[in-house]
Amino acid sequence: MKIHVIRPGDTLYRLAMSYKVPLARLLEDNQLPDPNRLVVGQAIVIRSPKTTFTVRPGDTLESIAQASGLSVRALLRNNPAGSFSVPLKEGQTLVLSYEEEPRKPLSVLGYAYPWIDPALLERTLPFVTELSPFTYRFDRQGNLIPLEDAGLRAAAERLGTAALFHLSNLGNEGEGFDRELAHGLFADPSARQTLIAQVKQAAQAGGYQGVDLDFENLYPADAPAYARFVEEVRSGAAPLPVLVALAPKTSEAEASAFAQGHDYHLLGQAADYVLLMAYDWGNPASPPMAVAPLNQVRRVVQYALEHIPAEKIYLGIPNYGYDWTLPFQEGRAARSLSNEEAVALAADRYAAIRFDQTAQSPWFRYFDPQGLEHEVWFEDPRSVRAKIELALEQNLHGVGYWNLDRPFPQNWVVLNALGEIK
């Protein structure tokens, strides 16, 4: 796999000729909203097919996969514009393998809201080992609040992706993660017993293959109690494995108030797996900066490895960016946008995309129609490659994406090139 950074005068046709790959392959791998509007500094993923197959009358994904020794999921990963439910066309060219080095096994976790676009979900699930629908909640008595996730579970089962039961201390609409709700649960044995029993029952009834705990914004003093609760869930939900999300920290001394309720050592012992939420340095309330700067992400991974075995760790990767109005003002929130939207915005405003080598993240500035200057940081193939390579370099269990609701097709091409997705 190569990543080409667009220079003045570049076109996809010229790139295809230069790299000796079919133009159709560049279009499918990158799935650009407008291939004729390239931006200086934009990253393009280039993969060279090794073996291909031309579809004949009567061929199906299943028959081609069986004849070529691939799974249907692997065939869809090699042809990312394909879909399980869209019939093949006679004469269509499918890639069976690429000219690349052997890849390391990697588990891929993805989060999705129940209202995700079904077509987007179907295209994405072949790249995902586990899907975690966001989120089941609970009341102060420990009763589960239902989640309309049947569509997500059905899609996951159809595409061969495991589903995880996601439970959080998210409060009522707009209230965020409720530390008082969590504190009350930890202090009430009856509520915990009720909740754990209902989680196990709902997980079994829904065909879930694990439990994903995401309790955030906890009181620092509740860190030991949270670890004991995770142990109780792990025991009560057995044999289902339990994963727990960890706020990023690089040391106890430097931990933010948001992260102090997560004791890496205790939670690493209590859970089967952990997800490092290594993102949101750049966030709606912060000054403009990378959402997940690699130098900081690496520090989080190094700290986690001091307390948790590598084979238990998923590295979290963000699938979004932010647009800040300049000059930065406290209280004026940045606008969230998808990575595709960021590139389209750069094209609309004739802004060149730059790349911060330390953060390993792309960014640009532009002026809006009112004359106000903006700064945008987002993710692109280069930034996700750096994070995936970090996970592989450190022999982590996998990577986890927050979240799948926004399209980022280039990411999945990079992921498939670097890791052998479990």
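Evaluating residue 420 against the criteria (1) in a strand (DSSP E or B); (2) closer than 30 Å to residue 307 by Cβ; (3) under 16 Å from the mean Cα position of the chain (by Cα) leaves one unmet condition, (3).
Is there a residue being of a type in the set (Phe, Trp, Tyr), touching a residue at least 60 places away in the same chain (Cβ under 8 Å) and open to solvent by 50 Å² or more (accessible area, probe 1.4 Å) anywhere in region 235-258?
Of all residues in region 235-258, those of a type in the set (Phe, Trp, Tyr) come to 258.
Next, only the ones that are touching a residue at least 60 places away in the same chain (Cβ under 8 Å) stay: none.
No; the residues of region 235-258 include none that is of a type in the set (Phe, Trp, Tyr), touching a residue at least 60 places away in the same chain (Cβ under 8 Å) and open to solvent by 50 Å² or more (accessible area, probe 1.4 Å).
In the set (1) over 13 Å from the mean Cα position of the chain (by Cα); (2) open to solvent by 20 Å² or more (accessible area, probe 1.4 Å), residue 405 fails one condition alone, (1). Scoring residue 89 on the criteria (1) under 30 Å from residue 232 (Cα atoms); (2) open to solvent by 20 Å² or more (accessible area, probe 1.4 Å); (3) not in a strand (DSSP E or B) leaves a single failure, condition (1). For region 124-146, the set of residues classified as under 24 Å from residue 201 (Cβ atoms), open to solvent by less than 30 Å² (accessible area, probe 1.4 Å) and either over 16 Å from the mean Cα position of the chain (by Cα) or of a type in the set (Ser, Thr, Tyr) (or both) consists of 132, 135, 136, 138, 142, listed by residue number.
Yes/no per residue for (1) under 25 Å from the mean Cα position of the chain (by Cα); (2) open to solvent by 60 Å² or more (accessible area, probe 1.4 Å); (3) farther than 20 Å from residue 412 by Cβ; (4) among the hydroxyl-bearing types (Ser, Thr, Tyr):
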position: 14; (1), (2), (3), (4): no, yes, yes, no
position: 27; (1), (2), (3), (4): yes, yes, no, no
position: 32; (1), (2), (3), (4): yes, no, no, no
position: 44; (1), (2), (3), (4): yes, no, no, no
position: 55; (1), (2), (3), (4): no, no, yes, no
position: 62; (1), (2), (3), (4): no, yes, yes, no
position: 69; (1), (2), (3), (4): no, yes, yes, no
position: 75; (1), (2), (3), (4): yes, no, no, no
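Of the residues making up region 4-46, those that are hydrophobic (A, V, I, L, M, F, W, C) and touching a Phe, Trp or Tyr at 6+ places or on another chain (Cβ under 9 Å) are 5, 23, 26, 39, 43, 46. The lone criterion from (1) farther than 21 Å from residue 196 by Cα; (2) touching a residue at least 60 places away in the same chain (Cβ under 8 Å) left unmet by residue 132 is number (1). No other residue among 302, 296, 269, 260 is out of contact with any Gly (no Cβ under 7 Å at 6 or more places or on another chain), at pLDDT below 95 and farther than 20 Å from residue 135 by Cα apart from 260.
Which is part of a helix (DSSP H, G or I) and among the polar types (S, T, N, Q), of 296, 329?
Numbers: 329 fails: part of a helix (DSSP H, G or I).
Exactly one of 296, 329 is part of a helix (DSSP H, G or I) and among the polar types (S, T, N, Q), namely 296.
Test residue 300 against the stated conditions and say whether it is of a type outside the set (Phe, Trp, Tyr) and over 24 Å from residue 337 (Cα atoms). The answer is yes for residue 300.
Scanning region 85-109 for residues that are of a type in the set (Lys, Arg) and free of Cβ contacts under 8 Å to residues at least 40 places away in the same chain returns a single hit, 89.
The values are calculated or read from the model by the stated rules, or taken from the named source; none is laboratory data. Note that the structure is predicted; figures quoted are calculated from it, not measured. Cβ sites come from the backbone with ideal geometry, for glycine too, and all protein chains shown count toward neighbours. Protein only, heavy atoms only, side chains kept; ligands, DNA and RNA dropped before computing areas. Shrake-Rupley method; radii C 1.70, N 1.55, O 1.52, S 1.80 Å.
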